[in-house]
Every structure is written in structure tokens, then in C-alpha cells.
1. Looking at (1) in a loop (DSSP other than H, G, I, E, B); (2) at pLDDT 95 or above; (3) of a type in the set (V, I, T), which one does A:V38 not meet, given that it meets all the others?
2. When you scan region A:445-455, how many residues do you find that are buried (at least 22 other Cβ atoms within 10 Å of the Cβ) and under 21 Å from A:R388 (Cβ atoms)?
3. Of (1) of a type in the set (A, V, I, L, M, F, W, C); (2) crowded, with 16+ Cβ neighbours inside 10 Å; (3) under 47 Å from the mean Cα position of the chain (by Cα), A:A372 satisfies all except one. Which?
4. Quick check: anything in region A:37-56 over 36 Å from the mean Cα position of the chain (by Cα) and away from RNA strand B (no atom under 11 Å from the Cβ)?
5. Which ones in region A:442-458 are out of contact with any helix residue (DSSP H, G or I) (no Cβ under 7 Å at 6 or more places or on another chain) and in contact (Cβ under 8 Å) with a residue 24 or more places away in the chain?
6. What number goes with the only condition from (1) free of Cβ contacts under 8 Å to residues at least 12 places away in the same chain; (2) near RNA strand B (Cβ under 8 Å from one of its atoms) that A:P439 does not pass?
7. Could you list all residues from region A:430-472 that are of a type in the set (K, R) and within 37 Å of the chain's Cα centre (by Cα)?
8. For the subset of region A:115-130 comprising residues that are within 11 Å of RNA strand B (Cβ to nearest atom) and free of Cβ contacts under 8 Å to residues at least 12 places away in the same chain, which member is surrounded by the most Cβ atoms within 10 Å (Cβ to Cβ)?
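The values are calculated or read from the model by the stated rules, or taken from the named source; none is laboratory data. Given the structure is predicted, the values throughout are model-derived calculations rather than measurements. A quick note on method: Cβ atoms are made from the backbone with ideal geometry, for glycine too, and the neighbour counts reach across all protein chains shown.
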Amino acid sequence: MTVRTRFAPSPTGYLHVGGARTALFSYLFARKHGGQFVLRIEDTDLERSTAESVNAIMEGMTWMGLDYDEGPFYQTQRFEHYHAAIQELMDKGLAYRCDCSKERLERLRDKQMAAKVKPRYDGHCRGRQVDPDAPHVIRFSNPVDGAVIVDDMIRGRVAFANSELDDLIIRRSDGSPTYNLTVVVDDADMGITHVVRGDDHLNNTPRQINILKALGKEPPRYAHVPMILGSDGSPLSKRHGAVSVVAYRDMGYLPEALLNYLVRLGWSHGDQEMFSLEEMIALFDIGDVNKAASTFDTDKLDWLNQHYIQHGDPAHIARLLSPHMGQIGIDPATGPDLVDVVAAQGARAKTLKELAEISAFCYRDFEAFDEAAAKKHLRPAAREPLQRMRAGLEMLALEDWEPETLHHVVERVAAELELNMGKVAQPLRVAVVGRAASPGIDITLQLVGKEATLRRIDKALAFIAEREAAAS
RNA sequence: GCUCCCUUCGUCUAGCGGUUAGGACGCUGGCCUCUCACGUCGGUAACAGGGGUUCGAAUCCCCUAGGGAGCGCCA
């Protein structure tokens, strides 16, 4: 038997990180066992389902690299299958028509709540003859006694008494099938062997198993993964900030970082923290998934993202960085090779967005000096070092504009003035970058280029003169 | 209210009857150093509470507390 898993989102919004993690686990389980992973769109709620959402979900999955082998299948295109299943249950006497009014159901519910018992349908229409031509719903005849055992791959054995379950509606009065019926039919038709889904479905599982058995189908294995919480301990939602995976892409996170973060949320393999997708597939074991919900921690995601920016292939990072440069109005073609920028700056940014911002100086002059940096480093004492640097740099041929030679110039000026490196490099750095932080001064000068370097030193010298004039 | 699930440092987690309760993020101290980062060495901090079972419980059982989910003609 080949393993088949599925991801079955309802297209009512974007792919959020919780759904993405569920999809990832489902995907890893299938890949790990050499099986197939299918995508199914649960769009039977016509009111809320949108085509944009379908696109957004697929966009998110593609970005994360979660490729599916089959699908997307749309439930709205499978109504004939649901109707056939409902008819089968009717024929077998395992489903019945119900014409109970909303009022009666409400009264029943109120009475049950008042009596402190679980509200559920009382089976009033079981065995009653309901006019097929009058408005009615169809209910599933749930077994009255006995228990359903869910042998969950994550939770272990969970038992539900049938007496706790009621006769749920499987077809609405408008003729459309309901969720618990459609999942069951789809999972059976699509040959799903393992259902990996959020643990909010655990309570639905015994009902689904009962329907499956009534249809004469073998239930799949289940794995209910815990949910993801926000920093305040409540289920992760928009009010905790970004939840859509595409939003993380736009904020400058790498797919490999988000994937790595997500897989470690609720799953672990000893003490290992870093996993490539290939390693995840090789090492993943659904039984190692935790039972408890876990909290989304942006700090750790940042750490991983920085790690992947720093250690990933610079050419790859540069490609992903390019749109973020464009985002702040910079055309990377107008300056140094982005790959060199990534190599120089990679260790300094948590996100690509941040990487773009701290690298802007390589492509265009900054607006103004950072106030604190200028105050500390662009003072009269810096004039001579800057002047000498300018002179020394101006004499360099363009082909000598390289880290090694640039470094020598800085060293020479420091030696001549009997200053330590910092006294020369820092004013120079502020002059050229506008801020007190940048890669090594030689690399920085190389990235900025000769022309801009001289121009900016002049600007800094003018700034010092101006400041001196203002002070006297 | 009822049913089901969950509970190890602030956070992610290791642990599957015998450990000084380990790692990671964060925070923090030192080192490295032309700055910021990176790197590196160190520190901080946890078994929700109470009963059992056992020679011995973070590990097994029960209760309590606290979280969560479900109880729709939503999925």
C-alpha cells in the first residue's frame, strides 16, 4: 500500500503559517514513505470561498517548495460523488430525512443546556416517514451504543462513546452535502491512507469513522497535529501580526528559513536545529511530533533566517534580495554586483528587507549622516585623517581599487599620523556609509567605488567645516 | 454545561523508571576586533500542584488546577 496524504484547505483566506505547517507535516510524511501528496480545495462554502484565496494558497505552497503530486481537486466539482454516497446510506437505512423545524431544534438545545447535558439531536425523525417533496435535511444514523477508537499516530488511542455523538446532518435542505460527509467521501475516493490535520478536527474524527464504516470503507490512519499559538497563548491569528506565509516572503524571510522554523515547531530530531528539506524528509517521523500546542517565536525565526542568509549560496540569496532592492527604489544594476554585497553583508541582516536597507549605501548617496555617528566621528580631529585618505585614495588606479590595496592605504595613513586603525577607519566609514556600522572598511570602500568614495569624503569634510563654523 | 485533548527553563524542545534534567532562541558576561555583525568561551532559567505505584519517578496511575478544541443546514 502506497502512502497517500492530502492537504485540504478551505479557500477563505491566505495560507497561514499554521496551515503551512500542517501541510508540511503531511508532505513530509508522504515523501518520507515514498508516497503521494495531494491538494484538495474544500470550497463547498460558496459564500466564503474565493478564487483569489485558491491562488494565494497555491502561491504560498509553491514558494515554500511544497509540491503536490495530484490536484488541486475541487469539492464543488465532486457533488455527484457526495450525492451517490448519501443515496447509498439512504438505501442501507443508515440515513434518514428530517424535517424538524429550527424552532424545535432550538427548544431542544435550550432544554439540554438547562439540564447541563451536551446539546445534540434527539433522533426525533428516526423511523418517521418524512415527505421527500417537502423541505427536509438528511441525517446520518449514528450508532447508538458502543465506542469509536481513534488510534491516532500522534495522540495514541482516543475513545469516544457513540452515546456522545448525535445524528449529524449530511445533506442540507438546499441539497448540498456537509463537511463531515464530503471529507469522508473524498478521502475514500482519493485513496488517502493517512490523514494529517489540525487537532481541532479530533472531535470530528469518530463521526467520520462511523460514516466511513457505514459506507463500507476502511478508515485511514489519523495524525492530529497541535495548533500554533501567539505570544499571549491564544490561537495564532492576525492580531498577533503576520500569519500569511506570503507576508513572510514579503518581509524578507527565506522559504528555507520559514520551513526550518516551522518543522521545529512541534517536531524535533534530538538536538538538531538546522534541516534542509531533504534532511526533513529523511529524518521526519510523525510519531516524534509533539502533542502540545506551541508558541510562534519571531526571534527564533529571525535567527534561522539570518543563518540562511549568511550561509546560503550568495548567488541564490542575491536573486531573492533583488526585489527587495527594487522595493526601496534601487536598481542593483547601477552599482556593485549584488552577490558581492550579499557576501559582505550577509552576517548583518535578519531579513532580506533589512539587508536591502543596510546595503543601499552601495548604490546611492545617503540623505544625511546618522546624528550620533557624525557627532562622534566627524569632528575636527578627523579632518586630517580624512584629507590624507582622500589624497591616498585619489591616487589609486581603478584597477587597484581592491580590498588589499585599500587596506594598505588606511594602514599607511594611520601609521603616518600615529593613530590606531579605528581613528582613521571610523571617520572614513561614517563619511562613506553615513552610519557607524558597515563591513570591513576595505570591503566597504570597494563596494562604494572610487568616485562615490571621494565625493562622500568631500561631503564629510564640508560637514566638519560647517560644524566648526557653527560652533565658533 | 458536557465530551475530548494538552501541561519540562520566558520561548522551541531532548528525556521514553536510575541524568549534576541536555540542546537551541532570547537575555547576559568575557574573548576576537577599524565599527556593526559573525564567530567563540561562560552565565541565567524548567519537570503546574497534590496523592499514589516502585528500592527508585520528569517518565506509570488517580485527583485538582490551568490552557485548548468540539458540541452548526462552517470547514
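1. Single failed check for A:V38: (1).
2. Selection size over region A:445-455: 4.
3. Looking at each condition in turn, A:A372 falls short on (2).
4. For region A:37-56, residues over 36 Å from the mean Cα position of the chain (by Cα) and away from RNA strand B (no atom under 11 Å from the Cβ): absent.
5. A:G449, A:A452, A:R455, A:D458
6. Unmet condition: (1).
7. A:R435
8. It comes out as A:P119.
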